[in-house]
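The values are calculated or read from the model by the stated rules, or taken from the named source; none is laboratory data. The shown structure was predicted, so the numbers you read here are calculated from the model rather than taken from an experiment. Ideal geometry is used to build each Cβ from the backbone, glycine not excepted, and the neighbour counts take in all protein chains shown. Quick note on the areas: whole protein, heavy atoms, side chains included, nothing else; ligands and nucleic acids left out. Shrake-Rupley method; radii C 1.70, N 1.55, O 1.52, S 1.80 Å.
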Amino acid sequence: MENWYFILELIGTAAFAVSGAMTAVQMRMDLFGAAILGMTTACGGGIIRDMILGLTPPKAFRDPVYAMVAIAVSILVFQPFVRRFLHKRQDIYDMVLQNADTAGLAIFTMTGIETAMSYTAKPNLFLAVFVGVLTGTGGGVLRDLFANRTPVIFRKYFYASASLIGAVICVVLWGELGHLPAVMAGAAVILVLRILAAHYRWHLPAAKED
Amino acid sequence: MENWYFILELIGTAAFAVSGAMTAVQMRMDLFGAAILGMTTACGGGIIRDMILGLTPPKAFRDPVYAMVAIAVSILVFQPFVRRFLHKRQDIYDMVLQNADTAGLAIFTMTGIETAMSYTAKPNLFLAVFVGVLTGTGGGVLRDLFANRTPVIFRKYFYASASLIGAVICVVLWGELGHLPAVMAGAAVILVLRILAAHYRWHLPAAKED
Amino acid sequence: MENWYFILELIGTAAFAVSGAMTAVQMRMDLFGAAILGMTTACGGGIIRDMILGLTPPKAFRDPVYAMVAIAVSILVFQPFVRRFLHKRQDIYDMVLQNADTAGLAIFTMTGIETAMSYTAKPNLFLAVFVGVLTGTGGGVLRDLFANRTPVIFRKYFYASASLIGAVICVVLWGELGHLPAVMAGAAVILVLRILAAHYRWHLPAAKED
């Protein structure tokens, strides 16, 4: 179990580092800016999770592996041949960014729930869902605040909604099916919802119609 | 006493949710954006308060009632007939927003002081005032950061000042008059100062005169 | 030792308060805005440090002296004759802002390392460096988020890099030379790097070349 979460967390860290570094490139930041924005996006959700749960210092500060992976991935994304390739192929750029962001969202929502659930003897389901959504969306929100734009949770149709639905499904199945199946189901729901939402351009009723 | 603070906190939560959701409508966000911004504004101050005092996980995460009230109020504000009415009557829109924000400011400044005071055996008055002002203004600051605009504490004449004066009065009277009268006096001072400030457009010396 | 850190911290607080208050003046905020932005910049890094390390409530909340110094310095910077002088002499304005920011960066990076090192029996070097950089840069990042502009760590060539290099040197020398020489060496490296970087306009490879 431990190993599973560790591997999932590394994948989520790498995925969010890609989205952070690509945002930095788009904003004409330098290599250091890309590394910082990649690391903030990748480690931000987990740091918020640990601080909410009182698990200080946060895991990202105690164990260098997360920051190292985030920095390595950010430097890779920043390489001229990668940037030039992504610059020429806007379709691939969009696809990579979309999928990296979705993978990070699904994985961190689940690690948020797992940490909240194992943190207390008598788990509070509301707390678990709330912490899951904040862990999943926190890194992207910090990325957007630092990039001086409106956070993704307010811009993208069905972003936080997907995280919330997946979190509720995971928490409901947690006691029934056991930890790993619940986490797998929750993550799968988030992935499918985000893919469908992007494909069919789902959106909720907006205030602009009036 | 307990019940008093609980009811006050629910009123403050609802008031700040109104101001968050109305900001979301103004920025053409969708229903989910309005719910998130309403909840962030409503729960943000209390979450900051609990994290500063080391009371983790914060009350807003342990007890669903605050988030539920904030979401319900935000959905109500988002309803087309409410939006259309507020759109047509700019005067009522401004009045509701101003009063909701002032009520939230007064109430959360007081709950911040109350939590800081009951948190320690030997209360530190400076800590209590500081935490009170941050609890009162924190939700609005998060709302404005997420809405990508300069926080209200830098824009509005006599906003944080009102919170600060009310906080000092409450803390000074705390030992003299007892908890409830001190809280009532502090909240009343904030309400009156904000109403007078809005009416007479009070402002402090600004740097623009040079 | 204790006294050394206390004096260093007061100098760092005053320096960052100058940079925050000067930013507020530049943005045409009023006196209260200048005091808040000065205090946020001055106390922000230390508050972030203490919250990451679980030292709640943060020192800035327990001990009024930091906020008092920050407010006094901000009010001084806001005085018309100071503002008018700085307005006329752009060269002096730039020099003061640059040096205040550099002094704050060097000092807070070091107090971050010192707190992280004395916090645990078996110090984690990665944690110490990470907390040092965040303490050094945190106040400036909050200042820029509140001023609604891209944080300095993404704008200025060799800002966070200088903090990082100084932090690594301090942590490496910590066991070899003892606390005070390590802190002095680390702070000196940050000061020298920032001065050289500003003078020779060092920058890292940026994405804009493509």
Item to complete: Run A:ILE165 past the list (1) more than 9 Å from every other protein chain (Cβ to nearest Cβ); (2) under 16 Å from B:THR40 (Cβ atoms) and report the number of the one that doesn't hold.
Response: (2)
Discussion item. Among the residues that make up segment C:48-59, is at least one of them more than 14 Å from chain A (Cβ to nearest Cβ), without any contact (Cβ under 8 Å) to a residue 60 or more places away in the chain and closer than 19 Å to C:ILE7 by Cβ?
Written reply: yes
Fill in: Positions within segment C:101-124 being open to solvent by 10 Å² or more (accessible area, probe 1.4 Å), within 13 Å of chain A (Cβ to nearest Cβ) and either in contact with a Gly (Cβ under 7 Å, 6 or more places away or on another chain) or modelled with pLDDT of 90 or more (or both), in sequence order
C:THR115, C:MET117
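Among the listed residues A:ARG83, A:ARG49, A:ARG28, identify the single one that is among the charged types (D, E, K, R), open to solvent by less than 20 Å² (accessible area, probe 1.4 Å) and at pLDDT below 90.
On the way: A:ARG49 fails: at pLDDT below 90; A:ARG28 fails: open to solvent by less than 20 Å² (accessible area, probe 1.4 Å).
Only one candidate passes the filter, namely A:ARG83.
Out of everything in segment A:81-94 that is in a helix (DSSP H, G or I) and charged (D, E, K, R), what residue ends up being nearest to A:ARG28 (Cα to Cα)?
Of all residues in segment A:81-94, those in a helix (DSSP H, G or I) come to A:81-88, A:90-94.
If we keep only those that are charged (D, E, K, R) as well, we get A:83-84, A:88, A:91, A:94.
Numbers: A:ARG83: 11, A:ARG84: 13, A:LYS88: 16, A:ASP91: 20, A:ASP94: 17 Å.
Among them, the one singled out is A:ARG83.
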Worksheet item: What residue, among those in segment A:60-80 that are open to solvent by less than 40 Å² (accessible area, probe 1.4 Å) and over 17 Å from the mean Cα position of the chain (by Cα), is farthest from the other protein chains (Cβ to nearest Cβ)?
Response: A:VAL77
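Any residue that is more than 8 Å from every other protein chain (Cβ to nearest Cβ), modelled with pLDDT of 90 or more and open to solvent by less than 30 Å² (accessible area, probe 1.4 Å) - is there at least one of those in segment C:142-151? Explain how you work it out, then say what you get.
In the first step, residues of segment C:142-151 are kept if they are more than 8 Å from every other protein chain (Cβ to nearest Cβ); the result is C:142-144.
Keeping just the survivors that are modelled with pLDDT of 90 or more gives C:142-144.
Right, trim to open to solvent by less than 30 Å² (accessible area, probe 1.4 Å) and you get C:143-144.
Yes, some residue in segment C:142-151 is more than 8 Å from every other protein chain (Cβ to nearest Cβ), modelled with pLDDT of 90 or more and open to solvent by less than 30 Å² (accessible area, probe 1.4 Å).
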Response to the item:
All conditions in (1) open to solvent by 20 Å² or more (accessible area, probe 1.4 Å); (2) more than 10 Å from every other protein chain (Cβ to nearest Cβ); (3) charged (D, E, K, R); (4) closer than 21 Å to B:ALA35 by Cα are true of B:ARG89 except (4)
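With of a type outside the set (Gly, Ala, Ser) and closer than 20 Å to C:SER161 by Cβ as the only criterion, which of A:ASP94, A:ASP30, A:ASP50 stands out?
Values: A:ASP94 fails: closer than 20 Å to C:SER161 by Cβ; A:ASP50 fails: closer than 20 Å to C:SER161 by Cβ.
Being of a type outside the set (Gly, Ala, Ser) and closer than 20 Å to C:SER161 by Cβ holds for just one of A:ASP94, A:ASP30, A:ASP50, which is A:ASP30.
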Worksheet item: Quick check: anything in segment B:126-139 open to solvent by 30 Å² or more (accessible area, probe 1.4 Å) and more than 10 Å from every other protein chain (Cβ to nearest Cβ)?
Response: no
Worksheet entry | Near pairs, Cβ below 8 angstrom, 6+ apart or cross-chain, from segment A:192-210 (away from chain B (no Cβ under 13 Å)) to any residue that is surrounded by fewer than 17 Cβ atoms within 10 Å (Cβ to Cβ) and modelled with pLDDT under 80 | A:LEU196/A:TRP202
Response to the item:
By my count, helices (runs of 4 or more DSSP H) wholly in segment A:95-210 with at least 1 residues that are out of contact with any helix residue (DSSP H, G or I) (no Cβ under 7 Å at 6 or more places or on another chain) and not hydrophobic (A, V, I, L, M, F, W, C) are A:152-155, A:160-177, A:179-200
Discussion item. From the list C:ALA34, C:ALA15, C:ALA21, exactly one residue is of a type in the set (A, V, I, L, M) and within 8 Å of another protein chain (Cβ to nearest Cβ). Which is it?
Written reply: C:ALA34
Worksheet entry | Yes/no for C:LEU10 being within 28 Å of C:VAL192 (Cβ to Cβ), more than 11 Å from every other protein chain (Cβ to nearest Cβ) and at pLDDT below 85 | no
